[in-house]
Structures are given as structure tokens and as C-alpha cells.
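The values are calculated or read from the model by the stated rules, or taken from the named source; none is laboratory data. Keep in mind that this is a model prediction, so the values were computed, not measured. Every residue, glycine as well, gets a Cβ built from its backbone with ideal geometry; the counts of neighbours run over all protein chains shown. Surface accessibility is based on the protein's heavy atoms, side chains included, excluding ligands, DNA and RNA. Shrake-Rupley method; radii C 1.70, N 1.55, O 1.52, S 1.80 Å.
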Amino acid sequence: MLSRRAVLRNLCASGAAGVVFPACAGAPALRTSIDGGKTLRSAAQSRGILYGAAVNTAELRDRTFTGVLAREATILVPEYEMKRAIVERRRGPIDLSGCDAIAAFAHEHGMRFRGHPLVWHKRNPDWLEEAVRTSRDETLLTSYIEDILRHFGGRVHSWDVVNEAIAPDDGRADSLRRSFWVDAFGPAYIDIAYHVARAADPDALLVYNDWGCELGAPANDRFRAATLDFLEHAIARGVPIQALGLQGHLRAFGTPVDQGKLAVFLAHVRALGLRILVTEHDVDDTGGPSDVKLRDRAVADTSRRFLDVVVDSAPVAVLTWGLSDRFLDSPGPRAELADSWLRMLPLDRDFQRKPMWRAIADAFTAV
């Protein structure tokens, strides 16, 4: 794994698409692991970053876990309670009780709260797609966004307004995903969503959220190019996208993060005037050896390889998609992952810090 300094030195030497990296001059070597008594919250804050995690209401019933969560995190996002399939199971009044519980916990513990996702092609109620395709009623998009944002009344740090709208392999000239949203309203559904969100919540950070920009395969090259093209054209049209959310779902034993390509890509994103967040970071350890120490080391190395580059882009926040492995095989939305994603998060099943925790903390504090 390249150190942060090595990445920047190599990019400077190669010219890296004409991007200038101020950190190329004489950066000191990486420090060793931080004091184990510190937290991810404090490590991130030392760099001006918010560290947080996805949680669900079932997890908040575990008092031991909530004590750990309150120490480690400074921003929370609902794992599934804000997905439309939960919020609007039947057409009509929305139910945000689960989100309210998480937001209340965040407020009580001095944390920020994120919204995720407002518009997505997945995890929708059974009735929605047919209603959109049949009626092409724009209010099925706009009223939902307005109702949620007005419910929270400016209490949300940032919104993932549109999630996973890009899919170059779907064959559209604009690289947008073929979905019922684009079929009904064309590419304009994205513009509409962001303008409605901006009007309903003038102060929150509006994020475009996606995965596929992190790794080094040719498919990821295409995805990065499509993402930059999408963002450039959206900004030129005046769409109020303010940040790119990198989900950061990685694999410990798959295609690795290409640090050089990722650094150049993030520099181009910053040049567009956009902020950066990591919104859903975890590391799938499927296919690894039976030795837990080796699996943990691979997970940690993968996370560090990714975050060493991202942290240099001055991200607003870094969130992991959960904090502890304890809940991976509990009844609920993650149960389907139990057989494969066993060691994917910073804390183990007993809420003890794993090598991934230390990798994240070191990425925050390295210079």
C-alpha cells in the first residue's frame, strides 16, 4: 500500500492530468497509530472532519452500543428508516417516526444528522413505480421531497438528494441509469429534485451520492469519467448540487483502490467547486482466509488505502455503514449479509476496536 506521501509524490512526478497538489512539497512521514484512548470522533475532528455511522432504531435499543456510538461518532444517518419503502409504504401520509428517533438521539448527544436517500431507483414501495409510469405525475417526486425536508425544518446537515443515478453500462448516451424515474421524466428528474430540495431546505448541503469511483478497474475508469461529465453538465445548468458522496463500499479481496486515479478524480471534483463526503464506507471480506487476523488486516489495509487519498481532499465527513459487526446477523436489513460480510466495520461484535478502527483513525491523523 502506498503511503499518502508516496501517492502525492508519484502524482507530482507524472503531472497527473495537469492537477497541482500543494501537499507535494516536503510532507512528513506518516505517524504511527494514535493513542488507543482517543476516538474516531476526536481523530476526525483534529482534521476538521465529521466522523459518523449509519444506525437503525433496533441498534439504539442496545445501551452498551449507544454509549460507544456516542463516544465515537459525531454525525448519524438512518440505515434504512428514510428509504421510501419504509416512509411511504402506502400512498398517502408519510411515516418518519424511525428517522425522528435517530435524529432525536443525534441531537441529544450533540451529533449532526444526515438524510438518505430522497430519490432512488431501489427500496421504493410497491405502488410507486407503477404510479409514476402510469400517471407521469411530477408531484410523486416533488411532494415527497418537500414533505420530508419540511418535516425536519432545517435540522439536517446534508441530504443525499439523488442516489445512484449513473450507470454507463446501461447504454444511454448520457450514462444515466435506466430507471422508472428517467423513463417518466427524462434526465430532468434530477434537476427537479435538487431545485425542490434547495427551495425546501435552503441551508443543508445537497449531495449527489454514488459508488463506483473508488477502484482501479476499466469499469471504474468509465464510471469516474461519466460522473465528472454528469457533475460538470449539472453545474453548468445551475443544478444546486454542492457535494459528491462516495459510498466507499469496498472489497478486501477484490479489485483494489487505485490511489493515483482516485486522487486525480477527487482533484477534478474539487475543481468543480464541490465538497466531498464518504457516506457508506465498509469493507466486504468475502473470499478471505479463515484466519481472522489476516481478514482483519486485509480489511484495514483496504480502508486505509482508500481513506489516505480521500482525507487529502478535505472531506466534509466520513461515515461508515454501521459501527459494529455485532448487528450483521441480527434480524433486520443486514441479515442477508451475515454469511459474507463478517468483519466489515470498525468494531467487532463485542464493540472492541479492530485494525479497521485503527486504520481509519490513522488516516485522519496522518500528515
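Computed on the chain, with alpha-carbon pairs under 8 angstrom and 6+ residues apart, the relative contact order is 19 percent.
The helix-only estimate of mean residue ellipticity at 222 nm for the chain, built from DSSP H runs of length n ≥ 4 each weighted as -39500 (n - 2.57), is -12500 deg cm²/dmol after division by the residue total. A straight Cα-to-Cα reach below 25 Å connects LYS354 with the lysines LYS38, LYS293, residues fewer than 8 places away in its own chain not being considered.
I'd like the trypsin sites (Lys or Arg not before Pro) in the stretch 222-304 restricted to DSSP loop residues with at most 14 other Cβ atoms within 10 Å, sorted by number. Answer by residue number: ARG237. With all protein chains kept in place, the per residue accessible area of the chain amounts to 41 square angstrom at a probe of 1.4 angstrom. Taken over the chain, the alpha-carbon convex hull comes to 137 cubic angstrom per residue. Rolling a 1.4 Å probe over the protein heavy atoms of the stretch 232-367, with every protein chain left in place, gives an accessible area that is 51 percent carbon and sulfur.
Using heavy atoms of the protein chains and a probe of 1.4 Å, the accessible area assigned to TRP211 is about 130 Å².
Here's the list of aspartates and glutamates a cross-link from LYS261 could span, going by alpha-carbon distance under 19 Å and ignoring same-chain residues fewer than 8 apart: ASP210, GLU214, ASP221, ASP229, GLU232, ASP301, ASP308, ASP312.
For the stretch 66-83 versus the stretch 266-331, the inter-centroid distance based on Cα atoms is 16 Å.
Could you tell me what percent of the DSSP beta bridges with both partners in the chain are antiparallel, to the nearest 5?
Percent antiparallel among DSSP bridges in the chain is about 10.
Under 5 Å from the amide H of LEU176 lie the amide H atoms of ALA167, each residue being 5 or more positions distant or on a separate chain, with H modelled from the backbone and absent for Pro and chain starts. Summary value for the stretch 45-125: 33 percent relative contact order, contacts being C-alpha pairs under 8 angstrom separated by 6+ residues.
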